[in-house]
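Read the structure below first, then the notes.
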Amino acid sequence: MIRKIILLLLFHLFVKQGYSQDFYALNTIQKIEISFSQNDWDFQLDKLKLGSDKYLMATWVKVNGVVFDSVGVKYKGNSSYDSTYKKNSLHIELNSFKAQSYQGYTDIKLGNSYADPSMIREVLAYSILKNYMECPESNFAEVIINGKYIGLYSNSENINKKFCGDRFYSSANTFIKCNPSVDPGPTVKSNLKFISADSTAYFNFYDKKSKDGWKDLVALCDTITNHQSSIGSILDIDRAIWMLAFNNILVNLDSYTGAFAQNYYLYKDNTNHFNPIVWDLNMAFAGFPFAGSPNNGMGSLSITNLQQFPLLYHDSHEDWPLIKAIMANARYKKMYIAHAKTIVKEFLTNKDYLGMAVSLQNLIDNSVANDSSKFFDYSIFKSGLNTNVNIGTYSVPGITNFLEARTSYLNSTTEINYATPILTNIKTNPTTPAFNAPVNWSVKIRNAVSNSVFVGYRFDITKKFERIPMYDDGLHGDGLANDSVYGVSILMKSAYLHYYIYAENANSAIFSPERAEHNYYQIAIPTDTIKKGDLVINEFLAINDKSDLNEYGVYSDWIELYNSTNKELNLTGYFLSDNASSFQKYAFEVNTTIAPKGYLMVWADDLKTSKTYLHSGFNLSGSSGQLFFSHSSGAVIDSINYTTQTADVSMGRCPNGTGQFTQIETPTFLGNNNLFCNMAIPPSLVRAHKIAAYPNPASDHISFTNLPFQLNSVDVYNAYGHFVKTVNLDKNNNFIRVDDLCSGMYFYQLKDKMNQVREQGKIAIIR
């Protein structure tokens, strides 16, 4: 069973990679060209950086050949910025002055590889980190400004509301950047230490990126500092532990673990847990030697000190309350050692990092050779993996020689050498469970302590894992009592189930899979087979300003599905998503059905699903984006990539259900698209003012006002695009009776005296 689940996960990963957006593809170098009308653009950018920190408008920016006009550009960075540098880090905001994006991304963050002789630290570090927690994608980009090659940059995904929506399935909650807004120092840290109940005391250490959130941050700091036993109720513990383990193993000290406890974000998801997000890895692999000593001094560590950086550094220091809280909890501390051990085994001991590093340097070799603005000579870059380089008052070690010594040290530590539990023969019974029926887990475990084996599970990817104990008592599907086989059962409450196994002994712990909770096993109930073409994304509206109201009276984005078959389709085990890296963003509830030749509407918002309509939990991007309808196996049944959208103009298949997507000026909400396919009104007939149809909904009549032409007739169609009737009018009559129509949605076309269509729209009839 485990082998089948692993193969399923590998297939799912393969499918996701096949759809991944290539702007952050690791084996590519992006090309970004910027054109400023200002010849002194560098001076202007320096002036803004040192003053208002606003964007300078570029005439255009070209991303891999795609041109965007009127784009915001500014310098970014703290220690990596200096007005004398030939190459400063850049923040390009495509939508500063108009709505536009590239592959759904509005922001481009480019790092200048300051203090990194290898020029790959950031990209390599993110490539490792993404195996264990949500973090930005990262690769490389060549930058040309006003026709001159400025140099090679790291290109790392911006952490913004889009990032939060993609990873945490919401984007409107408390969102905090944890970097001091004043110069950091021994006592200036973004360390989550409780200062005061007055939120103003935190203003210099954190940057609120959401509308509200200071009270939430104060509550988090209070819990971490003063109520450590409760941190699991307010913080995603597993992600916090992965962050701390990663920072320690790779000695990433320009982070929470280091002297300034900075360079991370916090986002509070819909489960009311804060999620840490690592940011700014250009000084990973001991490129920043300031850890903050036990007496809070700022002296730099030697390369030997960095190679032998202790696994439990700051474990009892009050100025790193998160580390202190994790290490004070026996279970969390074992989880921390388990995660650290996984990173060491998967990337250090087997030297996987080295193959990745060499591959990245080979990829960028020519770009670096031609980069006359880089901080180090080309010869230093070539030897940057193995050679220590002096930078001011300290030395930056080569990645390889540093990690070789670090690996030897870590593998000699007591913590890494603790004997862990051994898990074998993990089984689920049945392998294909039924909805609301029991699922039983069993696992053979050696070297574990009783009452320390758990299964973590969830029925929804947007929720946190819950842990329940497994037993070796002969009463929980575990065979004989005390035979080292543990078992437990729960009811299958959804179309799919994610799970992992956890076990510990007196000194250590283990997860299966070892990358849990970021990775996990999955089982699913049997589902209907829906083939490509059976069910399609038929229409969507990405900018709904005044087109359609949902049941809560809100103008929300929406997605319409269409069943092209002659049988009812059950959507159990199927998903909607707007992100190729996370197909399971919205799971249809068990036994959600769509009628033969019928439509199903999903509102793309974060409101709760009601008896009337479904709500996806994510919004659609109005600039550009993607949509996917997929199965729990990862198989994509239908998908679309779209570009910049127009308010209240939908995109729909023409012909209905089978054709290519085209603009539909009057969205056919839950209706047949054919009525408005190829019905573009000639420019000469476009009205200067929007014609009004009221009342809407109607019961007995509809009036039309604001007509710039003489209304001659009105054609009425039902929701399926079938003709219902024509009403001929005289010049003194601008209303029609509809008391002969059943309740439902209808579409109308208004024609002038030349019998030309001048207006089209929709109306609801309610009895």
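The values are calculated or read from the model by the stated rules, or taken from the named source; none is laboratory data. Only a predicted model underlies this, so the values are computations on that prediction, with no experimental measurement involved. In this analysis, Cβ positions are derived from the backbone assuming ideal geometry, glycine residues included, and neighbour counts consider all displayed protein chains.
Residues are listed down the side, and each one gets a yes or a no for (1) part of a helix (DSSP H, G or I); (2) hydroxyl-bearing (Ser, Thr, Tyr):
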{"position": "Lys193", "(1), (2)": "no, no"}
{"position": "Ala197", "(1), (2)": "no, no"}
{"position": "Asp212", "(1), (2)": "no, no"}
{"position": "Lys215", "(1), (2)": "yes, no"}
{"position": "Asp222", "(1), (2)": "yes, no"}
{"position": "Thr225", "(1), (2)": "yes, yes"}
{"position": "Asn252", "(1), (2)": "no, no"}
{"position": "Ser255", "(1), (2)": "no, yes"}
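Condition first: modelled with pLDDT under 90 and touching a strand residue (DSSP E or B) at 6+ places or on another chain (Cβ under 6 Å). Now tell me which residues in segment 626-639 satisfy that.
Taking segment 626-639 and keeping what is modelled with pLDDT under 90, we get 632-634.
Selection gives Ser632 alone.
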_Scope segment 554-563; condition closer than 13 Å to Asp638 by Cα and either of a type in the set (Asp, Glu) or surrounded by fewer than 23 Cβ atoms within 10 Å (Cβ to Cβ) (or both); matching residues_ = Glu560
*Does segment 704-714 include one or more residues that are in a strand (DSSP E or B), out of contact with any Asp or Glu (no Cβ under 7 Å at 6 or more places or on another chain) and either modelled with pLDDT under 85 or under 24 Å from Trp603 (Cα atoms) (or both)?*
yes
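Being of a type in the set (Phe, Trp, Tyr), under 30 Å from Lys130 (Cα atoms) and part of a loop (DSSP other than H, G, I, E, B) is the filter; apply it to segment 578-627 and report the residue that is farthest from the chain's Cα centre (by Cα).
In the first step, residues of segment 578-627 are kept if they are of a type in the set (Phe, Trp, Tyr); the result is 583, 586, 588, 599, 603, 613, 618.
With under 30 Å from Lys130 (Cα atoms) added as a condition, the list becomes 583, 586, 588, 618.
In the following step, the residues that additionally are part of a loop (DSSP other than H, G, I, E, B) were identified as 583, 588, 618.
Working: Phe583: 11, Phe588: 20, Phe618: 11 Å.
My answer is Phe588.
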*Hits in segment 138-190 (condition: among the small types (Gly, Ala, Ser), crowded, with 23+ Cβ neighbours inside 10 Å and not assigned by TED's automatic domain parsing to the domain that holds Tyr105)*: Ser190
*Could we say that Asp371 is at pLDDT 95 or above and part of a loop (DSSP other than H, G, I, E, B) here?*
yes
*Just one of (1) surrounded by fewer than 18 Cβ atoms within 10 Å (Cβ to Cβ); (2) closer than 30 Å to Arg515 by Cα trips up Leu348, so point out which.*
(1)
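Only one of Lys109, Lys98 is of a type outside the set (Gly, Ala, Ser), at negative phi, in contact with a His (Cβ under 7 Å, 6 or more places away or on another chain) and outside the structural domain of Thr462 (by TED's automatic domain parsing). Can you tell me which? It would help to see each step written out before you state the result.
Working: Lys98 fails: in contact with a His (Cβ under 7 Å, 6 or more places away or on another chain).
Within the list Lys109, Lys98, the selection yields Lys109.
Would you mind stating whether Tyr394 is in contact (Cβ under 8 Å) with a residue 60 or more places away in the chain, among the aromatic types (Phe, Trp, Tyr) and over 21 Å from Ile128 (Cβ atoms)? Step through it out loud before you land on a result.
On the way: in contact (Cβ under 8 Å) with a residue 60 or more places away in the chain: yes; among the aromatic types (Phe, Trp, Tyr): yes; over 21 Å from Ile128 (Cβ atoms): yes.
So Tyr394 passes the test.
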_Positions within segment 643-683 being modelled with pLDDT of 90 or more and surrounded by fewer than 18 Cβ atoms within 10 Å (Cβ to Cβ), in sequence order_ = Thr646, Ala647, Asp648, Val649, Pro655, Thr658, Gly659, Gln660, Thr662, Gln663
*Within segment 63-82, which residues are surrounded by 15 or more Cβ atoms within 10 Å (Cβ to Cβ), of a type outside the set (Phe, Trp, Tyr) and under 13 Å from Lys47 (Cα atoms)?*
Val73, Lys74, Lys76
*Among (1) in contact with a Gly (Cβ under 9 Å, 6 or more places away or on another chain); (2) within 23 Å of Glu415 (Cβ to Cβ), where does Pro310 come up short?*
(1)
*Would you mention how many residues in segment 314-324 are surrounded by fewer than 24 Cβ atoms within 10 Å (Cβ to Cβ) and under 17 Å from Leu220 (Cβ atoms)?*
4
*Output the number of residues of segment 718-733 satisfying the condition of being under 21 Å from Ala692 (Cβ atoms) and at pLDDT below 85.*
4
